[in-house]
1. Which part of segment 16-57 falls in the paramagnetic zone of residue 184, meaning amide N under 17 Å from the point 7 Å along Cα-to-beta-carbon?
2. Starting from the Cα gyration tensor of segment 17-102, take the square roots of the eigenvalues, sort them a ≥ b ≥ c, and report rounded, prolate or oblate (rounded when a/c is under 1.5, otherwise prolate if a/b is larger than b/c, else oblate).
3. Rank the residues 84, 110, 52 as a footprinting-exposure proxy: fewest other Cβ atoms within 10 Å of their Cβ go first.
4. If I stretch the segment between residue 47 and residue 148 completely, what's the gain in nm (0.36 nm per residue apart, minus their alpha carbon distance), one decimal?
5. Which one, 151, 76, 21, has the greatest fluctuation when you compute a Gaussian network model over the chain with C-alpha springs under 10 angstrom?
6. In µm²/s, what is D for the chain at 37 °C and 0.692 mPa s, where D = kT/(6 pi eta Rh) by Stokes-Einstein and Rh is the Kirkwood radius from Cα pairs?
7. Can you give the angle from 0 to 90° between the axis of helix 63-75 and the longest principal axis of the chain, with both taken from C-alpha atoms, to the nearest 10?
8. Residues of segment 139-178 with backbone nitrogen within less than 16 Å of a virtual label 7 Å along the Cα-to-Cβ line of residue 102, please, listed as ranges.
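Here, each number is a calculation from the coordinates, and none is a lab measurement. Because the structure is predicted, anything quoted here is derived from the model rather than measured. So basically every Cβ, Gly included, is an ideal-geometry build from the backbone, and we count neighbours across all protein chains shown.
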């Protein structure tokens, strides 16, 4: 018996596109890639690679790979892509261990991990953080509150390497906007 097909609202988080004049990927063309792969209601948010869409499927496990291969075929590079569901995003938001930081949304970041880290170096992460910074790893989500900004944060720049799995992060403003667009 085949599993039932359902439609989920999904969010694709692309990393490393349209940054510093490299890996240029116009959002209109990116949306077309998703539509050709069967996505419906495709919407993009800002040029850094956030795509909201509905997807009829039995399994999204290989969707990131399919999207990446299609981008490589058309544009000559393959960005790191993580596809999450709207319920994944909302769960990450509800689990935020630093709710008081939501009032300064540019300082609060959620890192979405490709998988649960098996041997994260939490001691080294603790060593890298400034006194003003806080972080928490909960499953496949890395929360970072960096009141002085992530641009000069050694913790922010070293977190993916020390967690040991690919990660893409978004600030709280972006996460809220993605939820708003996905629920509209």
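1. 27-28, 31, 40-54
2. Details: a/c = 2.09, a/b = 1.36, b/c = 1.54.
It comes out oblate by the Cα gyration axes.
3. 84, 110, 52
4. Values: separation 101, 0.36 × 101 = 36.36 nm, distance 2.43 nm.
Here the segment from residue 47 to residue 148 would lengthen by 33.9 nm.
5. It is 21.
6. On the way: Rh = 17.2 Å.
The diffusion coefficient I find is 191 µm²/s.
7. 80
8. 143-145, 171-178
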